[in-house]
Each structure stands twice: as structure tokens, then as C-alpha cells.
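In what follows, a structure is listed as C-alpha cells, so that the remarks can point back to it.
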Amino acid sequence: MKIDRLVSIIMILLDKKRIGAQDLAEMFEVSPRTIYRDIDTINMAGIPVFSTSGKGGGFEIMQKYKIDKKVFSTADLSAILMGLSSLSNMIRGDELVNALAKVKSFIPAERAKDIALKANQIHIDLSPWMGNRNIPPYLEIIKTAIQESRLLSFEYADRYGNKTARTAEPYQLVLKGSHWYWQGYCRKRNDFRLFKLSRTSNLQTLEEFFTPRDYQKPQLDFADILAARQTKIKIRIHTSVMDRVLDYCTDEHFLPDGDEHYIVWFPFIENDYYYHILFSFGDKCECIDPLHIRAEMKRRIHDIAALYER
């Protein structure tokens, strides 16, 4: 595989002062012409490799560029590889491949096995089990537009499904929870907006460039706001949904109720989003208190049932 060969060549060049194209070709069982192309690729990745001709000539990395491989500890290299590998699962790009190649080039042979073991102890896969197939290609489109300062055109749906045509300057990709967002200056609203990627459709890069403006990163931490608005309601759940309920509160809020149920003090705000959370547990969850929320649950269940009685 080409990437493996490139990484190996970089490691060899870091270890050796100089090596010839023919030696590398024989080592990897490819032609010298292929090695020359690989060297060009490594140069384009930002690692300065130069060649000398004649007897004793070959390729070498500029001496001032060489880095002591002991600068990074095993934990440092493992953490960097873990982060880059996880991100590359969702966002493709030569820069990530090049970054991975550079980091791997710092790994001494005697530590390679230990670092690989530690890097694989935690695996972060940002790709969904199922869902919107536009997410990965849209991430790449937005990433490229941010790098090139290119305008994006798209349609955006609000929470009620109403779509509007938009043009925006992209500034940042955001992964919050399990959802992707992107921060951009909306030309329609004349202000910065945080767009949810799953609500974005017909995304296209325009030929027009923009001059980046000063902006503030979006507020993503609402813990204090939620804490001020949330109340605790009393629900009774079946053990089969315990793991899902734990996504919203800790086990200290659980009190056993028989062999198969728990009483849970559940954080709640009286809006559609939180009612939908309770309904997502189906018949494995019952609101006990307060009574007005229990009554509202009953009313909504009646409305749902009415749909199927028509």
C-alpha cells in the first residue's frame, strides 16, 4: 500500500543519513521511478528531502529538519495517533494522511509495537451506524470551502421542516454530542449562524471567494442555562431502558423498584424535545410525578392514538 510505503521511507530517511533510490526500490520491490514519485509526494507533504548525485549519492532529509524521536513520549504519540485516526474516519483529506505519516515517522522501531497497542486501546468512530449519507461528503465540502475561503450555497430546514435558500461564509466545523454543525456568516440573515449539518441540503461550493471577517466561536456549553431551567420529575422505568436513561442522568438518580424497575429522578424541561425523550422509551417508561406532566403525556398519547383511528 502506498501510504505504508511512504511512512516507511520517511522513517528510513530519519534513521539514515543518506540512501540511494536503487536501494529503496529493492527494499520495497518497486521501480526506481516509483521511488522518485514517492519522494516527490513526501516533499509536497512538507518534509524536505533532497538528492545528491554521483558515487555515494542518494536521498536525505535536511539535517536541520530532523527531530529527535525522543521529544515525544509513548503517551504523546499514542494520543496524537488516536486523535488523527479517529478524525480521518469522517473527514478525508491529504493533510490528515500527511499528518499521520509525519507522526508515525517519529516512532522509533523499538517503541512501535507499544505505541500501536496504546493507540488502539481507545477507538473513536465518528461515523453513524445509519442515517444521513450526505454527512461525510458535506463535511469534506465545508472543510475545503473553509480552507479556500469560498462561499457555500445550500438549503436549510428549520425544526418544522420549512426550507430557505441560503448563502454563507463557512468558518468552523463543530461536532457536538453525536451531531455535526458548521458555523458560518449567513448572507440572508446578515449574522453568524450555527447550522446543523443534517438540516443542510443541496450544498454547493460557489466560485466566489470571501474575505474572512472577525467572529466569535459559537457558544456550545449550555450546562449552566440548562441547570437553571431543568426540574426533576419522577419516572418509573423498566431495566431494559436503563442504559438509555443513563445518557441523561447519573445512576445516583436511580432507586430500585422491585426486580425489574427503577424509580428515576429525571432532569426535565417542559418542551417538545424533552417530551419526545420520554416517548422514546415507549411503554418502558411511566411519568409518576408531577401530575400535570403526567396529564400532558396522556393528552399527547391520545393525540397519537387518534391518528391511527382515522
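Structure data summary
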| read-out | value |
| --- | --- |
| Note, ³J(HN,Hα) from phi for the range 155-160, Karplus 6.51, -1.76, 1.60, rounded to Hz, x at Gly and Pro | 10, 10, 9, 6, 5, 9 |
| Per residue accessible area of the range 177-235, 1.4 Å probe, in Å² | 70 |
| Solvent-accessible area, 1.4 Å probe, carbon plus sulfur percent, for the range 243-310 | 53 |
| The range 166-263: equivalent-ellipsoid semi-axes (sqrt of 5 x gyration tensor eigenvalues, Cα, Å) | 42, 15, 10 |
| Loop-resident sites, the range 242-310, for chymotrypsin sites (Phe, Trp or Tyr not before Pro), counting at most 11 other Cβ within 10 Å (DSSP) | 308 |
| Flagged links, alpha-carbon separation over 24 Å, of 196/234; 176/284; 234/298; 196/298; 234/284; 196/232 | 196/234; 176/284; 196/298; 196/232 |
| Accessible heavy-atom area order of 133, 199, 37, highest first, probe of 1.4 Å | 133, 37, 199 |
| Spatial separation of Cα centroids for the range 20-43 and the range 229-270, in angstrom | 61 |
| Accessible surface of residue 239 - all protein chains present, 1.4 Å probe, nearest 10 Å² | 60 |
| Full-stretch length increase - residue 211, residue 306 - with 0.36 nm per residue and alpha-carbon distance subtracted | 28.8 nm |
| 10 Å-binned pair-distance histogram of the range 213-310 (Cα, whole percent) | 13, 42, 27, 12, 5, 1 |
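The values are calculated or read from the model by the stated rules, or taken from the named source; none is laboratory data. Here the structure is a predicted model, which means the values were calculated and not measured. Ideal geometry is used to build each Cβ from the backbone, glycine not excepted, and the neighbour counts take in all protein chains shown. Heavy atoms of the whole protein, side chains included, go into the accessibility calculation; ligands, DNA and RNA do not. Shrake-Rupley method; radii C 1.70, N 1.55, O 1.52, S 1.80 Å.
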